[in-house]
1. For region 271-321, how many residues are without any contact (Cβ under 8 Å) to a residue 40 or more places away in the chain and basic (K, R)?
2. If I ask for residues that are open to solvent by less than 10 Å² (accessible area, probe 1.4 Å) and part of a loop (DSSP other than H, G, I, E, B), which ones from region 201-219 would you list?
3. Taking only region 326-373 into account, find how many residues are of a type in the set (F, W, Y), under 14 Å from the mean Cα position of the chain (by Cα) and either assigned to a strand (DSSP E or B) or surrounded by fewer than 24 Cβ atoms within 10 Å (Cβ to Cβ) (or both).
4. Would you be able to tell me the number of residues in region 474-509 that are touching a His at 6+ places or on another chain (Cβ under 7 Å), on the phi < 0 side of the Ramachandran plot and assigned to a loop (DSSP other than H, G, I, E, B)?
5. Search region 237-254 for residues being surrounded by 23 or more Cβ atoms within 10 Å (Cβ to Cβ) and small (G, A, S), and hand back the single one that is nearest to P156 (Cα to Cα).
6. How many residues are outside any strand (DSSP E or B), within 27 Å of the chain's Cα centre (by Cα) and at pLDDT 90 or above if we restrict to region 162-185?
7. Identify, please: which residue in region 484-500 is over 20 Å from the mean Cα position of the chain (by Cα) and in contact (Cβ under 8 Å) with a residue 60 or more places away in the chain and is, among those, least open to solvent (accessible area, probe 1.4 Å)?
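The values are calculated or read from the model by the stated rules, or taken from the named source; none is laboratory data. Since the model is a prediction, treat every value here as computed from it, not as a measurement. Using ideal geometry, Cβ is built from the backbone for each residue, glycine included, and neighbour counts are taken over all protein chains shown. Heavy atoms of the whole protein, side chains included, go into the accessibility calculation; ligands, DNA and RNA do not. Shrake-Rupley method; radii C 1.70, N 1.55, O 1.52, S 1.80 Å.
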Amino acid sequence: MATLLPPPKRAKLYHGIPEPTPEEPKPSPNVVVQFVNEHDGTPMAPAVNLPANVARDSLEALVNRLATKDDDDHIPFSFHVAVPEDATKPDAPTRIVISKSIEADILGHPSNAFTEEDVLVVHCSPQSVFKVRPATRCSSTLSGHSSPILCASFSPTGVFLATGSGDTHVRLWDLNTETPSHTLAGHTGWVLCVEWDPLERKLASGGHDGHVRLWDPKTGKPIGDALKGHAKWITALAWEPAHINAAAPRLASSSKDGTVRVWSTTTRRLEYTLGGHTASVNVVKWGGGGLGGRGVLYTASSDRTVRIWDANGGKSLHILKDHAHWVTTLALNTDFVLRTGPFDHTAKRPASDEEAQALALERYNKLVSHTPELLISGSDDHTLFLWSLFPSFPSSKSESGGKTKPLARLTGHQRQVSHVAFSPDGRRAASAGWDSAVRLWDCSGSVAEGKMGKFIATLRGHVGAVYRLAWSADSRMVVSASKDATVKIWDLKTYKLKSDLPGHTDEVYCVDFVADKVVSGGRDRVVKIWKN
């Protein structure tokens, strides 16, 4: 008996029209690529023949394979191709950054400066030229505070450590001997925040008594009397960046009374008060405002708004009203270079204020030259928003910066967001929440494409609310402090736990990370320093 074949499938009709045949993907051309070091122009590997549609991440993996030959030590790179000078367009960009692939960014560039027959010289800039060792043990348990430790901060170079406590005292610790250095007494209420100036000449502290105090970290003596004016307690402090004013930086303080006050630290006088918020101001950040910016203040409030102010005079620039609940945390992709000012991994110390300002400006401009200054706001509405309010190039209209609408809404947390922090290279952000999770977000790429703020991974391991985060200086690790009395270090190559640091006997409220040292403090009234 002959085998009967099934009848052919009926062709699908769309409103009486047959389905169009799918277009076959266009073949991608091959190009010859020469990878060179951005700093000296030396070849990093022999020229290679590649498909032009190879993704940027694959290019990074290839350069690591060809140049470093070390699978364990993955170095992040940024890639760009120099554009030939065109005398008819003096304001045209001089480089094309590869954010997707060579085919999309270089061969498809509107300038048509390159063809597939050219040998493409791709400049490679390492984004992390050093590697931080993860802390694995507690090297010191420092007692001295008689109440829970509410804030802890390393100085920009990691020479000093300051902690603030509910016992009304700020304590300074000698990190060479890991012993107490000075006890700073003056506040009459809990010390809620401590902040170092970018050149680590002064330490500012804010307390539940509504006072802001300045201290000399070398002698432990107060610099004058308290700065008084706030009607309620201080919630956050922010110093003027070193690349704007290295000699005599001003200080901004936010308060539960709904105002932000900007103080001159030389005359010890109030310069102006920002009074636009209608509820507690929970965070203040002093940013640069992008290339050519003279400084801006970012404030987040319980009135559900984020406001941006001109730091010279206090004029209101933007009001961001997208959150549905209290805004409790802010982060800038420039936070690390603003905090460390002229100091980098080379440990070089500037000889003068002018040199310090020039070095800080160079570091800041290097970061914001390819990505504008980005802001992330976190709220009790369980969400975060990513903003780009200042373009990278004020004179260019090609960059779609300066928008008051968010670039992305970052969702996924199941409870309130407690803290958010950008990586030192500005490419990623980490957020912590009361849902016991740490979530990672990709903030790299071009603002104009609108694809920033993509979710990367969730780091799970804590069994209590995560209060605080800190990044390692090489952007390869995140440390988290939690209500479950543990400190955890996460490996961002595998998105898994790198080191679990138990030892605290109660909730851990604060954590900081500098060089290869981690400091943590909390409700058990002890400061713990962790090392490799």
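1. 3
2. Going through region 201-219, the residues open to solvent by less than 10 Å² (accessible area, probe 1.4 Å) turn out to be 203-207, 210, 212, 214-215, 217.
G210, P217 - these are the residues of region 201-219 that are open to solvent by less than 10 Å² (accessible area, probe 1.4 Å) and part of a loop (DSSP other than H, G, I, E, B).
3. Matching residues across region 326-373 total 1.
4. So the answer is 2.
5. Only one residue tops the list, namely A242.
6. Matching residues across region 162-185 total 0.
7. Among those residues, the one meeting the criterion is S499.
Conditions tested, residue by residue: (1) modelled with pLDDT under 90; (2) open to solvent by less than 40 Å² (accessible area, probe 1.4 Å); (3) more than 20 Å from G287 (Cα to Cα).
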position	(1), (2), (3)
Q414	no, no, yes
V417	no, yes, yes
S423	no, yes, no
S436	no, yes, yes
L440	no, yes, yes
E449	yes, no, yes
